[in-house]
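The structure appears right after this line, and notes come after that.
The values are calculated or read from the model by the stated rules, or taken from the named source; none is laboratory data. Bear in mind that the values here come from a model prediction, so they are computed numbers and not experimental data. Note that we place each Cβ from the backbone using ideal geometry, even for glycine, and neighbour counts take in every protein chain shown. Keep in mind that these areas ignore ligands, DNA and RNA; they rest on the heavy atoms of the full protein, side chains included. Shrake-Rupley method; radii C 1.70, N 1.55, O 1.52, S 1.80 Å.
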Amino acid sequence: MSAEVADALAAGTAGTAVVALESTILSHGLPPGRNLEVGRRLERTVRDAGAVPATIAVLDGQALVGLSPAQLERVCAPDAGLDKLSLRDLGPVLALGGSGATTVASTVALAHAAGIAVFGTGGLGGVHLPLPGTPVTWDVSADLGALARTPVLVVCSGMKSILDIPATLEVLETNSVPVLGYRTDEFPGFYLRSSGLPAPRRVDDPAQVAAVVSAHRHFADSGVLLANPIPPESEMDRTLHDRLLAEGLELVASRAVQGADVTPVLLEHFHTASGGVSLDANEELVVANVRLAAEVAVELAP
């Protein structure tokens, strides 16, 4: 841990809140230059809300919880060459001295290991949609398994809208993960404020979220999902969104893309084919999420 994060988590520093931040959104989700600006903005947003940011990555075989300015620059460098690390990848990369950016699953695991209970991100992984011409898919994100067995609050704008949202919600229900809609009765759809599905539970302020998290921990070791809709002014046009999704799925099928490469290819199509509209939306929704995560972390702090 960085000295700042360690001090904030140390015994005797009651009232100091910490928020975990992932690094894959920076290294694999945003273009060089903009990713560093966003990384700095996210950390500043957490600080402005009264908490300490802990951006997480693996560099040279060491898991880092809280990056220095130089380490953040390295993660965002055009030639960083970082692997995309899910939970299954942590052991091999750490043991072999490698470097990589953490996904939701690996960030949740490292945050919990460090004693951090709140994590702010953009979108959750989930059950993928079947590709055109195929009836089913076995592609299910490890994010769901990590959330099912790790007591961390994940604040996001729902799961990425390139996924099968109803199926993902079913998996979360099966794994006893409470799903909360923040100031909404409709479950958000990442780039869209509504997925067309109801939010299982509604909460209207950070204190209510903290109360739910605290009560849930008496009964289960699973995490909690807080779904925060994208700000209204940043929402994508639904017609544009649906067209880009259909095109992206055809693109993935034509290239025979599989596994962990599917999401980056789909998101890259959104970013390029929308003329940057999805990039702007992505930045604003994640900023809103980490701000909310910090507000809840402050409520949860002893």
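Each other residue within a Cβ distance under 10 Å of Ala210 adds +1 if Lys or Arg and -1 if Asp or Glu, for a net charge of -3. For the pair Val265 and Asp221 in one chain, pulling the backbone fully straight at 0.36 nm per residue adds 12.5 nm over the alpha carbon distance. For Ala167 and Glu37, a Förster radius of 35 Å and the Cβ-Cβ distance give a FRET efficiency of 0.50, rounded to the nearest 0.05. Electrostatic bookkeeping for Leu172 treats Lys and Arg as +1 and Asp and Glu as -1; over the other residues with beta carbon under 13 Å from its beta carbon, the sum is -2. Spin-label model, Ala3 to Leu240: label points 7 Å out along the Cα-to-beta-carbon direction sit 4.6 nm apart.
What percentage of the solvent-accessible surface of region 191-286, computed with a 1.4 Å probe over protein heavy atoms, is contributed by carbon and sulfur atoms? Of all accessible area on region 191-286, carbon and sulfur atoms account for 52 percent. Between Asp79 and Glu247, the simple spin-label model (points 7 angstrom out along Cα→Cβ) gives 3.3 nm. Two tests apply to each whole DSSP H helix in the chain, Cα reach of 18 Å or more along its axis and mean Kyte-Doolittle hydropathy of at least -1.0, and the ones passing both are 238-255, 277-300.
Each of Ala105, Gly120, Ala6 was scored by the projection of its Cα onto the charge dipole of the chain, and the greatest displacement toward the positive side belongs to Ala6; charges sit on the C-beta of Lys, Arg, Asp and Glu.
Here log10 I(q)/I(0) by the Debye sum over Cα atoms at q = 0.07, 0.11 Å⁻¹ was calculated from the structure, and among [x] -0.28, -0.71; [y] -0.23, -0.60; [z] -0.35, -0.80 it sits at label [y].
Expressed as a whole number of Å, what is the distance separating the alpha-carbon centroids of region 87-140 and region 154-222? Going from one Cα centre to the other spans 18 Å.
Annotation: extensible slack from Ala10 through Gln62 equals 16.6 nm (criterion: 0.36 nm per residue apart, minus Cα-Cα distance). Each label was represented as a point 7 Å from its Cα along the Cα-to-Cβ direction; for Val257 and Gln71 these points are 3.0 nm apart. Taking the empirical scaling 2.2 N^0.38 Å for compact globular proteins as reference, region 121-214 has a Cα radius of gyration ratio of 1.08. Whenever you get a sec, compute what percent of the accessible area on region 58-169 sits on carbon and sulfur atoms (1.4 Å probe). Roughly 58 percent of what the probe reaches on region 58-169 is carbon or sulfur.
Placing +1 on each Lys and Arg Cβ and -1 on each Asp and Glu Cβ, with no other charges, gives the chain a dipole about its Cα centre of roughly 320 debye.
Figure legend: label point modelled 7 angstrom from the Cα of Arg88 along Cα→Cβ; residues of region 144-162 with amide N under 14 Å from it are 144-146.
Pairs of Cα atoms nearer than 8 Å and 6+ residues apart set the relative contact order; for region 31-177 it is 19 percent.
Per-residue ellipticity at 222 nm, computed for the chain from helices alone with -39500 (n - 2.57) per DSSP H run of at least four residues, works out to -14000 deg cm²/dmol. Its relative contact order, with pairs defined as Cα atoms under 8 Å and 6+ residues apart, puts the chain at 21 percent.
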